[in-house]
Amino acid sequence: MYKIPPDKEIKEALIKVLKKYREIGSQKLLKKLVLEELRGIDRYYVVSDERIRKIAFQINEIKIDMLKRKSRREAIKCYICGGELETVKVKNLFGEEVPLGKKCKTCGLVLERAGLAPKKYIFVYRK
Ligand SMILES: [Zn+2]
């Protein structure tokens, strides 16, 4: 048996955890700590890393940084907010437009090459 916590409870748990630790350099650890908080409300709660990250993105007091690594897979959606990516193009020596990397239309995350993936997420409490 499991239950899905509402956004509001995840938001509150996130703020509580990050207020306490100030900075958490692992999405896995953040999930563990948030889930501990949520299980204090209901022990059947489950939540995914991705949902926690997307809710954290909506909270002004929380800043998300991402370290990148090379990947063979091309990025389809933004690794921070899930937003749409646009291809950044530059002109080469011959005046031709060539794709350089990608940029998120929502949060501004820049991928200098299309083949980059998240290595590590860092969640910081701003206040
Ligand atoms: Zn984004």
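Can you name the residue in the stretch 1-33 that is more than 15 Å from Asp49 (Cβ to Cβ) and outside any helix (DSSP H, G or I) and, of all such residues, is nearest to the chain's Cα centre (by Cα)?
Result: Glu23.
Would you point out the residue of the stretch 51-106, among those that are in contact (Cβ under 8 Å) with a residue 12 or more places away in the chain and among the acidic types (Asp, Glu), that is nearest to Lys31 (Cα to Cα)? Steps first, please.
Start the filter on the stretch 51-106 by keeping residues that are in contact (Cβ under 8 Å) with a residue 12 or more places away in the chain, which leaves 51-75, 78-88, 99-106.
Restricting the remaining residues to those that are among the acidic types (Asp, Glu) gives 61, 65, 74, 84, 86.
Working: Glu61: 17, Asp65: 16, Glu74: 26, Glu84: 24, Glu86: 29 Å.
Among residues in the stretch 51-106 that are in contact (Cβ under 8 Å) with a residue 12 or more places away in the chain and among the acidic types (Asp, Glu), the one nearest to Lys31 (Cα to Cα) is Asp65.
Of the conditions (1) within 17 Å of Lys120 (Cβ to Cβ); (2) modelled with pLDDT of 95 or more; (3) not in a strand (DSSP E or B), Ala75 clears all except one; give me its number.
Single failed check for Ala75: (2).
Select from the stretch 83-127 the residues that are out of contact with any Cys (no Cβ under 9 Å at 6 or more places or on another chain) and among the small types (Gly, Ala, Ser) and list them in ascending order.
Answer for the stretch 83-127, where residues must be out of contact with any Cys (no Cβ under 9 Å at 6 or more places or on another chain) and among the small types (Gly, Ala, Ser): Gly95, Gly101, Gly108, Ala114, Gly115, Ala117.
Could you please find all residues in the stretch 111-120 being under 21 Å from Ala56 (Cα atoms) and either within 16 Å of the ligand (Cβ to nearest atom) or modelled with pLDDT under 90 (or both)?
So the first thing to find is which residues in the stretch 111-120 are under 21 Å from Ala56 (Cα atoms), and the list is 111, 117-120.
Of everything in the stretch 111-120, those that are under 21 Å from Ala56 (Cα atoms) and either within 16 Å of the ligand (Cβ to nearest atom) or modelled with pLDDT under 90 (or both) turn out to be Leu111, Ala117, Pro118.
Out of all the residues in the stretch 95-107, is one or more closer than 25 Å to Lys127 by Cα and surrounded by fewer than 19 Cβ atoms within 10 Å (Cβ to Cβ)? Break it down stepwise before answering.
Here is the first cut: in the stretch 95-107, the residues closer than 25 Å to Lys127 by Cα are 106-107.
From what's left, surrounded by fewer than 19 Cβ atoms within 10 Å (Cβ to Cβ): 106-107.
So far as the stretch 95-107 goes, yes, one or more of its residues are closer than 25 Å to Lys127 by Cα and surrounded by fewer than 19 Cβ atoms within 10 Å (Cβ to Cβ).
Would you check if Ile52 is in contact with a helix residue (DSSP H, G or I) (Cβ under 7 Å, 6 or more places away or on another chain) and surrounded by 18 or more Cβ atoms within 10 Å (Cβ to Cβ)? Steps first, please.
Details: in contact with a helix residue (DSSP H, G or I) (Cβ under 7 Å, 6 or more places away or on another chain): yes; surrounded by 18 or more Cβ atoms within 10 Å (Cβ to Cβ): yes.
Taking the combined requirement at face value, the residue satisfies it.
Which ones in the stretch 68-110 are farther than 22 Å from Ile52 by Cβ, within 16 Å of the ligand (Cβ to nearest atom) and of a type in the set (A, V, I, L, M, F, W, C)?
Val88, Val110
The values are calculated or read from the model by the stated rules, or taken from the named source; none is laboratory data. Since we're looking at a predicted model, the values are computed, not measured. Neighbour counts run over all protein chains shown; Cβ positions are idealised from the backbone, glycine included.
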